[in-house]
Structures are given as structure tokens and as C-alpha cells.
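See structure below.
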Amino acid sequence: MGFPGTGKIWMNGSLVDWKDANIHIASHVVHYGSAVFEGARCYDTVRGPACFRLDAHMRRLLDSARIYRMDSPFTQEQLSAGVLELIRANKFRACYIRPLIYRGYDSLGVNPFPCPVDAAIMLWEWGAYFTKDAMEEGLDVKVSTWARMAPNTMPAMAKSVANYANSQLIKMEAILDGYAEGIALDTDGNLSEGSGQNLFVVRDGIIHTPPVGSSILSGITRDSVMTVARDLGFEVRESVLPREMLYVADEAFFAGTAVEVTPIKSVDKIKVGPGRRGPITQAVQERFFQIVRGEAPDTHGWLQFVDEPVAAR
Ligand SMILES: Cc1ncc(COP(=O)(O)O)c(C=O)c1O
């Protein structure tokens with residue numbers, strides 16, 4: 001998945017050519033990881049391109065900035081309008097959306113306050129995160145030797161670029177050990193999440209997921225999955241889960257903007273249930289895709305059509 005190097009990027013309110021969307025090496029973010037970001041998706045629906053839960057992503061972006069005491073130069077509505085303008089300018093029907101708020105160029109030192117707060121949005125085409133087959137067959141994953149951030153160290157609720165140093169350690173270890181993905185525990189040894197996705201396990205027909213207090217990013221797909229599952233009549237529980245729940249689960253799956261809803265077929269070489277996508281995972285996954293593609297009614301108002309003004313919510 002190399003970048004094409006073409007098209008426009010939104011930088012502080014202006015559309016610039018991809019090749020000109022540069023920042024200086026002395027920018028604070030390069031040295032101290034002082035940025036927060038988002039990852040959202042635009043889907044090619046039957047009624048035209050639509051962003052999935054754009055308002056929720058932009059709200060989380062501004063929440064992340066707030067945690068890091070960054071005064072965003074743009075409001076939620078301005079950022080959402082910037083995304084739609086950029087999708088139209090690049091003529092995408094479906095794409096991944098990456099907004100960033102970062103500390104720019106002024107001076108260097110741990111104190112970030114002298115540096116300006118800048119914003120940018122970029123888009124690219126990003127299909128299936130794993131393989132297409134993984135959506136049906138599931139993934140082989142491992143429990144990582146790396147834990148997620150301890151509470152009151154790096155705030156897990158903020159989608160800060162700095163947190164992805166931890167994610168990279170989890171991901172690299174999994175790849176080098178021959179797995180598709182890693183699942184991290186929290187510092188109490190309970191289940192947390194994957195390197196870039198939330199975790200669900202199913203046992204006796206009940207869907208479980210770790211709570212926000214287990215050092216997870218409060219995922220928007222996680223919230224969507226819980227809502228869709230309840231709409232389908234399933235019981236969903238947010239609870240602290242021990243590691244061994246993975247080994248006795250009937251089903252397990254990941255949820256996130258990039259991975260969408262992806263089944264897990266084994267953990268640490270122990271089969272999850274019969275070792276393939278389970279019926280509850282399939283039901284939730286199918287409904288999720290029907291909604292994002294506009295094939296099922298958008299009863300929760302999750303689709304923001306690219307050709308319509310930013311909806312007031
Ligand atoms: C660490 C982590 N957890 C969970 C998620 C899933 O969040 P969302 O569904 O909002 O994309 C992501 C993806 O952004 C992530 O990076």
C-alpha cells in the first residue's frame with residue numbers, strides 16, 4: 001500500500017498539492033510526539049460517498065487535543081467541512097480519512113506551549129486492513145508481551161501519536177512471531193485491545209468487551225458494534241476480562257475503523273471455538289457492512305454524505 005503521491009491535502013484550511021504538504025524538521029511534533037489524530041472512513045454507499053460517524057471522530061479528535069492542552073485552531077464543524085471539501089476535491093468515492101492536530105514550528109524543548117497548533121487532513125485509499133480472506137476465515141493472533149499504557153501514564157483515551165509507539169511494539173512482535181496481530185493486556189494483566197483495534201469475545205451467546213478503564217481507546221467502531229449487536233437482540237457487556245477468556249471463548253473478533261469487524265480464529269495457537277468465524281460475529285459483521293454501505297437503514301444517523309452540508313447534531 002504505497003502512497004500515490006498525488007491529490008490534495010488540507011493544511012490549516014487550505015488545499016495544497018500532496019508534494020507540497022511538508023513541515024519543518026524542527027517542528028515540535030517530530031521530536032516530542034506532540035500530535036493527536038483520527039482515522040475515519042468514507043464508504044461508497046448506494047446513495048453516494050458517505051463518511052461513517054464523522055462527527056464522533058471529530059469530537060474525539062478535539063477531546064484528544066483537550067487532554068493535551070492544545071487549543072485547536074478549528075472547530076469540529078470546520079474540520080468536518082474540511083474533510084468533505086477534501087474528499088470532493090480528490091474525487092474519492094471511498095477512502096480512509098486522517099485528520100491531525102499537531103504542535104508546529106517555533107522552538108524546541110519539552111515545553112510545547114510556545115509552538116503553534118496546526119491541523120491537517122489527508123486521505124488515501126485503504127481497503128481491507130488484513131487480507132480479504134481474513135474477514136471470513138479469521139486471524140491467528142497472540143497475546144503480546146507488551147502491556148498497554150498504565151493508567152495515569154499516557155492517557156489511553158486520547159488518540160495521541162505517542163501512544164502508537166506502544167502499538168508499534170505490539171505489532172512488530174506479532175509479525176516477527178508469525179501472527180497477524182497482537183492483543184495487549186493492561187498493567188493488571190486483564191484484556192485490553194489490539195495494536196490498533198478493540199477486542200470482543202463471545203461466550204454462551206453473550207458479547208463481552210473490555211471497559212474504557214482497561215487502557216483502551218474508546219473506539220467508535222466498538223460503540224457501533226455494541227449498538228448494532230443490541231439492535232440485533234444480543235446481550236453486550238463491558239467488563240474487566242481475564243486473559244484466559246480468550247482461550248475459552250466461543251468466538252472473538254476485532255473492531256476498528258481500519259480493521260472494520262474482523263474475526264479471530266486462534267489465540268496463542270489455541271483455536272477460538274471451532275477455529276473459524278462464529279455466527280454472532282458474522283451477524284454483527286454483516287449488519288455493520290450493510291449500514292456503512294447504505295444497504296440497511298441508517299437508524300442512528302451515522303452516515304454523513306459527502307455532497308451534503310455538515311449535519312448539525
Ligand atoms: C489502539 C486503538 N484501539 C482501538 C481503535 C479502534 O477505534 P475506532 O473504532 O474509533 O477506529 C483504534 C483505531 O483507531 C486504535 O488505534
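The values are calculated or read from the model by the stated rules, or taken from the named source; none is laboratory data. Nothing here was measured: the structure is a model prediction, and the numbers come from that model. Here Cβ is always computed from backbone atoms with ideal geometry, including for glycine, and neighbour counts include all displayed protein chains. Calculation scope for accessible area: heavy atoms of the full protein, side chains included, ligands and nucleic acids excluded. Shrake-Rupley method; radii C 1.70, N 1.55, O 1.52, S 1.80 Å.
Once R0 is set to 51 Å, what does the formula 1/(1 + (r/R0)^6) return for the Cβ-Cβ distance between PHE289 and ARG69, expressed as a FRET efficiency to the nearest 0.05? The pair PHE289/ARG69 has a calculated efficiency of 0.85. The lysine pair tally for the chain, using Cα distances under 27 Å and a gap of 8 or more places or different chains, is 21. Helix 279-292 and the long axis of the chain differ in direction by around 20°, with both axes built from C-alpha atoms.
Surface composition of the chain: carbon and sulfur make up 52 percent of the accessible area, probe 1.4 Å.
At an R0 of 25 angstrom, the distance between the Cβ atoms of TRP126 and ILE25 translates into a FRET efficiency of 0.40. For the range 33-191, dividing the convex hull volume of the Cα atoms by the residue count gives 147 Å³ per residue.
Per Stokes-Einstein, at 25 °C and 0.890 mPa s, what whole-number D in µm² s⁻¹ belongs to the chain, with the Kirkwood radius over Cα pairs as the hydrodynamic radius? Translational diffusion coefficient: 122 µm²/s.
Can you give the extra length, in nm with one decimal, that the chain gains between ALA81 and ASP17 once fully stretched, where that is 0.36 nm per residue apart less the Cα-Cα distance?
Numbers: separation 64, 0.36 × 64 = 23.04 nm, distance 1.86 nm.
Result for the pair: 21.2 nm of gain on full extension.
Relative to the longest principal axis of the chain, what angle (0 to 90°, nearest 10) does the C-alpha long axis of helix 163-176 take? Value to nearest ten degrees: 50.
By how many degrees, between 0 and 90 and to the nearest 10, does the Cα long axis of helix 220-231 differ from the longest principal axis of the chain? So the helix axis and the longest Cα principal axis differ by about 40 degrees.
Which net charge results for the neighbourhood of GLY189, defined as the other residues with beta-carbon distances under 15 angstrom from its beta-carbon, given Lys and Arg at +1 and Asp and Glu at -1? In short, -3. Over the chain, dividing the summed -39,500 (n - 2.57) contributions of all DSSP H runs of at least 4 residues by the number of residues returns a 222 nm mean residue ellipticity of -8000 deg cm²/dmol. Geometric descriptor of the range 109-235, per residue, is 168 Å³ (volume of the convex hull of the Cα atoms). Based on protein heavy atoms only, the range 1-121 ends up with 49 Å² per residue of surface accessible to a 1.4 Å probe. Among ILE280, ILE183, ILE67, the largest mean-square fluctuation in a Gaussian network model of the chain (Cα springs under 10 Å) belongs to ILE67. Within the listed set ALA255, ALA283, ALA65, the residue fluctuating most in the Gaussian network model of the chain (springs between alpha-carbon atoms under 10 angstrom) is ALA283.
FRET efficiency for the pair ASP204 and ALA296, taken as 1/(1 + (r/R0)^6) with r the Cβ-Cβ distance and R0 = 41 Å, rounds to 0.90.
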